[in-house]
Amino acid sequence: MTGMFFSYIPGNSLLHRLDPRSKIIGIMLASILIFRAMSVYEMLAIGVVFSILFLLSSTTVKAVYSSVYPMRIILIFIFTIHLFFTEGSSILSVFGMNISYEGLLKGSTVTLRFIYLLMFASLLTSSTPSSLITVGIERLLRPFPLKVLGISSFDLAAMMSMSLYFVPLLHGSFNDLKDAQLSRGLDMKRHPFKAMYSLTVPMIRVAFRMADDLAMSMESRCYQGVHRTSIFDLRFGRMDFLCISIFGLLSAIIFFMPVLQDF
Amino acid sequence: MSIDIKNLIFSYNRSTSLEKHALNDVSLSIKKGDFVLISGEVGSGKSTLIKHMNGLLKPCSGSVEVDGIPTHKKDIRSKVGMLFQFPQKQLFGKTVDEDISFGPANFGIKGNQLKKQVHEAMDLMFLDESIASVSPFDLSGGQMRLVAMAGVLASKPDYLILDEPASGLDAKNRKILFSILKKLNSKGISIIVVSHQISDVLPLVDRLFLIDSGKIVFKGSPDEYLRSTNLYLPDIPWIMKELHDRGFDVKFDIFDIDEAFYEVSSLLNPQKVDEQ
Amino acid sequence: MIQINDLSHRFPNGNLALDSVNLNIKKGEFVVIAGRNGSGKSTLVRHMNALLLPSSGNVIVNGMGSSDQKDHWDIRQAVSMVFQNPDSQFVGMTVEEDVAFGLENLGMASDNIRESVDRCLQFAGLSEYSKTSPIHLSGGQKQKVAIASVLAMYPECIIFDEVTSMLDHASCNDVMDLINSVHKAGKTVIHVTHRLEEATTADRLIVMDAGRIVLDDTPSNIFLSGKVSDFGLELPPIIALAKKFKDSGILQGYLALSKDELLEDLCQLILKT
Ligand SMILES: Nc1ncnc2c1ncn2[C@@H]1O[C@H](COP(=O)(O)OP(=O)(O)O)[C@@H](O)[C@H]1O
Ligand SMILES: Nc1ncnc2c1ncn2[C@@H]1O[C@H](COP(=O)(O)OP(=O)(O)O)[C@@H](O)[C@H]1O
Ligand SMILES: [Mg+2]
Ligand SMILES: [Mg+2]
């Protein structure tokens with residue numbers, strides 16, 4: 001189950017064939033809608049849009065479910081917080097705490113928003129390899145003046161793709177180190193401060209060492225952080241144009257739904 | 001006094017989709033004072049096995065006992081010292097002295113006794129008293145390794161386990177390491193060396209365990225190993241065995257270069273060698 | 001192709017890691033550099049692709065001096081390097097992306113990158129792993145990916161800095177086979193190691209000690225000279241045995257460098273007497 005959490009599922013659906021940039025833009029539009037959505041109608045409309053996209057992808061219900069399910073604790077937490085701490089007309093009282101109608105409504109809305117976000121994100125990740133997402137983000141960021149922050153969009157993309165490899169690697173090193181200090185009698189409960197110290201000092205050294213090695217390997221392969229090409233050829237084709245237009249139109253309709261209802 | 005493992009089964013990430021069987025029905029016993037080698041390919045389960053010997057891992061089924069104490073019941077880490085691959089990584093102290101004291105202090109040794117044990121451990125590793133107040137990070141890679149080893153020995157373990165201790169060492173440092181291990185063994189400490197390479201260590205050990213895909217596939221003395229038919233042999237025994245198999249009259253349980261030379265020369269020219 | 005004149009290197013903390021080294025490496029040579037831990041091997045080879053710059057003396061690669069900053073990229077393209085630690089030289093999420101990394105830096109077009117990557121992965125016998133994450137590879141496979149990654153940049157010379165020292169026996173042989181075929185494909189190969197059995201197929205063996213080159217000859221000559229033990233190295237058992245037979249006059253001719261050769265020599269000899 002854990003293995004499927006936001007993972008890529010190979011396939012050849014329409015969603016798979018789209019340029020990653022279209023999908024990233026799509027996700028961004030969808031998130032704007034989701035965070036603006038208040039009424040049941042808007043929520044329903046977003047649900048319909050998701051269903052259409054879901055049918056256009058070869059994603060499975062299980063894949064979507066396993067991207068949302070691991071987050072259940074957080075979702076339940078968000079829901080309860082709103083449930084108990086929103087002021088309004090009380091409908092029920094549990095352990096001396098009031099549950100209001102407004103709280104129930106707000107809790108459901110906010111929780112549903114998060115669920116929608118996770119669901120849309122799972123559409124992106126299940127139809128796009130993480131490498132293409134990185135390339136897509138890099139291309140979209142390229143026109144922005146990141147230089148002021150002292151990095152280039154290339155640095156950012158390189159960092160993103162490397163972290164996917166290095167986080168598990170550092171995690172492994174940390175476990176090895178923990179084993180070594182435990183073998184020397186370290187008791188984390190009795191001496192938490194000493195434990196922190198004996199783990200962080202070597203860990204920092206390991207991380208620096210790795211960063212050093214990596215920098216050397218990048219430098220000897222002529223990395224300069226300036227213009228580079230990619231093994232992945234991104235083509236913003238007619239299909240992308242069409243899809244983004246339709247999606248944009250749909251989004252606009254949902255976006256202005258509250259306004260339209262007033263008429 | 002011994003480490004006894006009976007029918008040990010272990011999987012990583014038990015009952016998840018990432019479950020990984022690492023040890024399958026392993027039984028073995030290592031007596032106090034033994035010098036043993038545990039060998040096998042990378043990924044065969046050697047590290048997983050030794051992590052059971054000081055309770056870092058607990059068996060899924062089966063039992064692991066150190067001197068009769070089950071590892072899941074009581075902490076036996078002061079009895080079993082463990083040195084991991086590239087042990088210099090574990091150093092953290094502001095001074096060499098602080099780092100070496102870490103282990104014994106955790107096990108409740110204090111005051112003069114602590115000083116004495118640190119001093120003895122440094123002596124065993126040929127570390128000069130003058131570096132005690134130096135930062136371990138100012139030392140050379142080789143010296144850092146020795147400090148790390150002293151840090152484990154300072155707790156005076158009865159059993160010393162070393163995971164791939166020779167990796168990355170050149171010939172001379174390897175020789176020094178093995179002579180230190182022999183010396184420790186002669187003081188009565190059991191030495192358990194884990195190595196994917198057999199030839200270096202085999203001549204030193206009393207017993208050898210070969211592990212493959214989580215199963216013990218050979219247990220026995222080095223002689224028994226050389227006489228076994230279907231296992232990978234180091235080069236010198238390989239040559240002798242090939243000669244033997246081709247019908248030449250030579251002993252084949254030989255590691256030593258001089259011995260192998262003598263054996264073949266005497267076959268070629270019996271009188272001349274005898275005269276020498 | 002690589003010319004080193006009177007090169008010394010002093011690290012900022014005062015360590016003199018190289019002391020007046022002179023060396024000339026010809027195009028197409030297979031050179032092994034051996035020496036005990038800390039003898040200066042890595043420091044020397046890092047000068048050959050401008051990762052380090054001389055404290056004094058100079059390094060000239062294909063006529064370009066490493067002291068000129070603007071030639072660094074050309075030097076690094078001509079002379080590539082594979083490092084010791086299989087874990088810390090990956091920059092891609094998948095094997096193919098890692099192999100593509102250098103070419104992307106050179107600004108090559110996607111189609112051409114794809115073609116080179118596929119060719120190099122095939123050469124290294126890794127085609128089936130192109131979409132795999134490096135996390136799932138063994139140490140030997142990781143080193144082969146690293147080799148494919150530098151091959152993709154089409155260098156004239158590849159430096160292997162102790163690439164086998166963290167591998168087990170079987171992977172080590174695999175990687176050595178790949179290094180040998182890289183040499184056969186016409187590349188200049190510089191292989192750093194402290195295991196002398198890896199020098200048997202080389203044209204030339206250089207032994208370093210305390211920042212200096214102390215021996216420089218064919219592997220056989222150096223093995224026969226019996227000097228390697230003075231510099232913290234050890235002859236592989238099989239070669240030590242072969243040398244003993246040769247020194248005592250029992251075996252004549254070439255020094256046997258592999259166990260099969262020695263076995264053959266001994267069998268013939270025994271059958272003759
Ligand atoms: N922390 C872990 N989580 C999951 N699997 C592991 C872990 N550590 C080791 N393994 C797996 O267990 C098997 C045995 O590993 P290990 O004991 O490290 O072998 P060795 O030390 O002989 O190289 C390998 O297949 C390895 O992939
Ligand atoms: N970054 C550094 N700073 C200071 N001294 C160093 C550094 N790198 C290496 N040295 C020293 O230079 C010498 C040669 O090191 P190195 O070239 O890595 O040797 P080898 O590769 O042969 O093991 C050693 O004495 C080492 O301690
Ligand atoms: Mg291991
Ligand atoms: Mg080195």
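The values are calculated or read from the model by the stated rules, or taken from the named source; none is laboratory data. Quick caveat: nothing in here was measured; it's all calculated off a predicted structure. So basically every Cβ, Gly included, is an ideal-geometry build from the backbone, and we count neighbours across all protein chains shown. Each accessible area value is taken on the protein alone, full model and side chains, heavy atoms only, with ligands, DNA and RNA left out. Shrake-Rupley method; radii C 1.70, N 1.55, O 1.52, S 1.80 Å.
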Taking C:Arg114 and the conditions (1) crowded, with 21+ Cβ neighbours inside 10 Å; (2) away from ligand 2 (no atom under 16 Å from the Cβ); (3) of a type in the set (Lys, Arg), which numbered condition does it fall short on, given that it satisfies the others?
(1)
Looking only at segment C:70-96, which residues are within 7 Å of chain A (Cβ to nearest Cβ) and closer than 23 Å to C:His191 by Cβ?
C:Arg76, C:Gln77, C:Ser80, C:Met81, C:Phe83, C:Asn85, C:Asp87, C:Ser88, C:Gln89, C:Phe90
Considering every residue within segment B:99-107, establish whether at least one is surrounded by fewer than 20 Cβ atoms within 10 Å (Cβ to Cβ) and not hydrophobic (A, V, I, L, M, F, W, C).
no
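Please work out if C:Val59 is hydrophobic (A, V, I, L, M, F, W, C) and part of a strand (DSSP E or B).
On the way: hydrophobic (A, V, I, L, M, F, W, C): yes; part of a strand (DSSP E or B): yes.
Yes.
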Take segment A:1-22 and flag every residue that is out of contact with any Asp or Glu (no Cβ under 8 Å at 6 or more places or on another chain), in a helix (DSSP H, G or I) and open to solvent by less than 20 Å² (accessible area, probe 1.4 Å).
A:Leu15, A:Pro20
In segment B:72-84, anything part of a loop (DSSP other than H, G, I, E, B) and either in contact with a Leu (Cβ under 9 Å, 6 or more places away or on another chain) or open to solvent by less than 10 Å² (accessible area, probe 1.4 Å) (or both) is listed as B:Ile76, B:Arg77, B:Phe84
Go through (1) within 28 Å of B:Leu267 (Cα to Cα); (2) surrounded by fewer than 19 Cβ atoms within 10 Å (Cβ to Cβ); (3) of a type outside the set (Ser, Thr, Tyr) and name the single condition C:Ile239 misses.
(2)
Some residue of segment A:218-231 being at the interface with another protein chain (Cβ under 8 Å from one of its Cβ atoms), open to solvent by 30 Å² or more (accessible area, probe 1.4 Å), modelled with pLDDT of 90 or more and in a helix (DSSP H, G or I)
no
Residues that are under 16 Å from C:Arg76 (Cβ atoms) and not hydrophobic (A, V, I, L, M, F, W, C), drawn from segment C:141-163:
C:Ser149, C:Tyr154, C:Pro155, C:Glu156, C:Asp161
Could you grab me the full set of residues in segment C:166-200 that are surrounded by 19 or more Cβ atoms within 10 Å (Cβ to Cβ) and part of a loop (DSSP other than H, G, I, E, B)?
C:Met166, C:Leu167, C:Asp168, C:Lys187, C:His194, C:Thr200
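Any residue at all in segment C:97-106 that's more than 21 Å from the chain's Cα centre (by Cα) and more than 9 Å from chain A (Cβ to nearest Cβ)? Step through it out loud before you land on a result.
Step one: list which residues in segment C:97-106 are more than 21 Å from the chain's Cα centre (by Cα), which gives C:97, C:100-101, C:103-106.
Still in the running and more than 9 Å from chain A (Cβ to nearest Cβ): none.
No, every residue in segment C:97-106 fails to be more than 21 Å from the chain's Cα centre (by Cα) and more than 9 Å from chain A (Cβ to nearest Cβ).
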Unique residue being open to solvent by 70 Å² or more (accessible area, probe 1.4 Å) and within 14 Å of chain B (Cβ to nearest Cβ) when the list is A:Pro168, A:Pro202, A:Pro192:
A:Pro192
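Without any contact (Cβ under 8 Å) to a residue 12 or more places away in the chain, among the small types (Gly, Ala, Ser) and part of a strand (DSSP E or B): which single residue out of A:Ser51, A:Ser93 fits that description? First the steps, then the outcome.
Numbers: A:Ser51 fails: part of a strand (DSSP E or B).
Just one listed residue meets the conditions, A:Ser93.
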Of the listed residues (B:Pro222, B:Pro237), the one being within 14 Å of chain C (Cβ to nearest Cβ), closer than 26 Å to B:Ile192 by Cβ and at pLDDT 85 or above is B:Pro237
If you go through segment C:207-225 one residue at a time, do you hit one that is within 14 Å of chain B (Cβ to nearest Cβ), under 17 Å from C:Asp161 (Cβ atoms), of a type outside the set (Lys, Arg) and part of a helix (DSSP H, G or I)?
no
